[in-house]
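The structure appears right after this line, and notes come after that.
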Amino acid sequence: MPLAILAILLFGIVGAVLLRVGADEKPHSVLLKWNPPASKPGVTVTGYNVYRSQPDGSFGPLASVVAPTYVDTKVNSGTTYYYYVRAVDAAGHESPPSNQVSATIP
């Protein structure tokens, strides 16, 4: 499937987020990939929470994942979505949000 890189964020709390949108296949999807945060003594990252914009402009939780990647398959053509990720430690604490990325679905 041909993919186009839409945005690469600068390194932040969670790391760079690489966003790709499938342009030639239906249904469309958004692939999010990011670099895990740098190791800190006494802190173990156990997963990530992915957030996506809602129709009213607020953000809501989309998924909790263990690997630093997520595919959003519940997207609609002609819609722009915004995403950010938070790392989660063993105690369930979330990091500050990563930078936001956007994807406009063809």
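The values are calculated or read from the model by the stated rules, or taken from the named source; none is laboratory data. Bear in mind the structure is a predicted one, so any value in this text is a computation, not a measurement. FYI the Cβ positions are ideal-geometry reconstructions off the backbone, even for glycines, and counts take in every protein chain you see.
Among the candidates 77, 29, which residue alone is more than 21 Å from residue 91 (Cα to Cα), buried (at least 17 other Cβ atoms within 10 Å of the Cβ) and modelled with pLDDT of 85 or more?
Among 77, 29, only 29 is more than 21 Å from residue 91 (Cα to Cα), buried (at least 17 other Cβ atoms within 10 Å of the Cβ) and modelled with pLDDT of 85 or more.
For residue 87, are the conditions met, namely being hydrophobic (A, V, I, L, M, F, W, C) and in contact with a Pro (Cβ under 7 Å, 6 or more places away or on another chain)? It would help to see each step written out before you state the result.
Details: hydrophobic (A, V, I, L, M, F, W, C): yes; in contact with a Pro (Cβ under 7 Å, 6 or more places away or on another chain): yes.
Here the answer is yes, as residue 87 does meet what is asked.
Can you tell me how many residues in the range 44-68 are surrounded by 14 or more Cβ atoms within 10 Å (Cβ to Cβ) and touching a residue at least 24 places away in the same chain (Cβ under 8 Å)?
Total meeting the criteria: 10.
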